[in-house]
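To start, the structure itself, in structure tokens.
The values are calculated or read from the model by the stated rules, or taken from the named source; none is laboratory data. This one's a predicted model, so the numbers in the text were calculated from it and none came from an experiment. No Cβ is skipped: glycine too gets one built from the backbone with ideal geometry, and neighbour counts run over all protein chains shown. Note: accessible area is taken over every heavy atom of the protein model, side chains too, but ligands, DNA and RNA are not part of it. Shrake-Rupley method; radii C 1.70, N 1.55, O 1.52, S 1.80 Å.
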Amino acid sequence: MPRPEHACAYAAMVRAGHARRSIRIHAEALAQAAQDITVPDRPAHTLAAADALARHLDTLSRTVPTHPGSLPRTPLPPPPVSPQDDETEDQERMLLASAVSGPASVGEMRWLAPEDFADPLHAGLWQCVSALAHRGEPLDPVTVMWEAQRRGLLAAGVTATDLVVLLSTAALPPEHWGIQIVERALLARARQTAGRITAYAEDPANTVHQLITGGRRALADLTAVRRRWQQATRPLAEPDAPVTSRAGPASRAPAVSPPPARPAAVRAAGRTP
């Protein structure tokens, strides 16, 4: 039976339960925003939800006493599997070919990281292209193929001819394809962040302070990708355009025709069975 003299303790339990539910609701809203294909600007929509979650954690932190040793120990769910459909594969392939045919801008694309790629082979080839550009060495399909062989990247079933063909069909500047890739990585990281925070909120062993600290740590990982996405899209922003959101500038990708078909061996390389 509840005891009236324990009312303060009961009130603290109610507040903790409310905080847990509210964090979970915000995390679910972030996950939904990252998957919403009906909005015209998915990155801005997603980052607005991330900002709302961050503000909510800030508000809660002002009412919760702090204490050391506050990271959650909840087992985290596996990260969402990156899509490896034909559109994704083609974006990455066209980026590589465009970077080889127009290497002048490769050095400015530090905002694109290997972990942004869905195909491990493409991620490795981007590292080869970036390394050659950084060293100031000639950049063409043959030199990239040589660098890939030195790094042991050529998977079984992918011939040197396949790789040269992959790197020889370019369309549009590499920045165009890079922006699409880093945008996809941003949305994937947002879904992963939402999953982490939801898992924390559903674990009753976590205190509210642990939920706040764990949530902020998860959002910091999203912020790292967010900064790179903002660096990628900033050159495309309108001059002197007012910044109305922490979500960053909207990307403007021109419409393009479908890229040409690839060798079957290259399409299969790097995919997870």
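Taking the stated definitions as given, is residue 24 at pLDDT 95 or above and either in a helix (DSSP H, G or I) or within 17 Å of residue 215 (Cα to Cα) (or both)? Against the criterion (at pLDDT 95 or above and either in a helix (DSSP H, G or I) or within 17 Å of residue 215 (Cα to Cα) (or both)), residue 24 qualifies.
Each row is one residue, and each column tells you yes or no for (1) modelled with pLDDT of 95 or more; (2) open to solvent by less than 50 Å² (accessible area, probe 1.4 Å); (3) touching a strand residue (DSSP E or B) at 6+ places or on another chain (Cβ under 9 Å).
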site: 2; (1), (2), (3): no, no, no
site: 43; (1), (2), (3): yes, yes, no
site: 47; (1), (2), (3): yes, yes, no
site: 65; (1), (2), (3): no, no, no
site: 89; (1), (2), (3): no, yes, no
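Are there any pairs, at least 6 apart or on different chains, whose C-beta atoms fall under 7 Å, with the first in the range 45-64 and more than 15 Å from residue 16 (Cβ to Cβ) and among the small types (Gly, Ala, Ser) and the second in a helix (DSSP H, G or I) and open to solvent by 40 Å² or more (accessible area, probe 1.4 Å), and if so, which? As it stands, the answer is 49/29; 52/26, since those pairs meet every condition given. Open to solvent by 40 Å² or more (accessible area, probe 1.4 Å) and in a helix (DSSP H, G or I), is that true of residue 55? In short, yes.
When the residues of the range 129-166 are filtered to those that are touching a Lys or Arg at 6+ places or on another chain (Cβ under 9 Å) and within 24 Å of residue 85 (Cβ to Cβ), the one that is most open to solvent (accessible area, probe 1.4 Å) is 165. The residue pairs whose first member lies in the range 127-156 and is at pLDDT 90 or above, whose second member is of a type in the set (Lys, Arg), and whose beta carbons are closer than 7 Å, counting only pairs six or more residues apart or on different chains, are 128/151. Scan the range 205-212 and tell me whether some residue there is open to solvent by 40 Å² or more (accessible area, probe 1.4 Å) and more than 15 Å from the chain's Cα centre (by Cα). Yes, because at least one residue in the range 205-212 is open to solvent by 40 Å² or more (accessible area, probe 1.4 Å) and more than 15 Å from the chain's Cα centre (by Cα).
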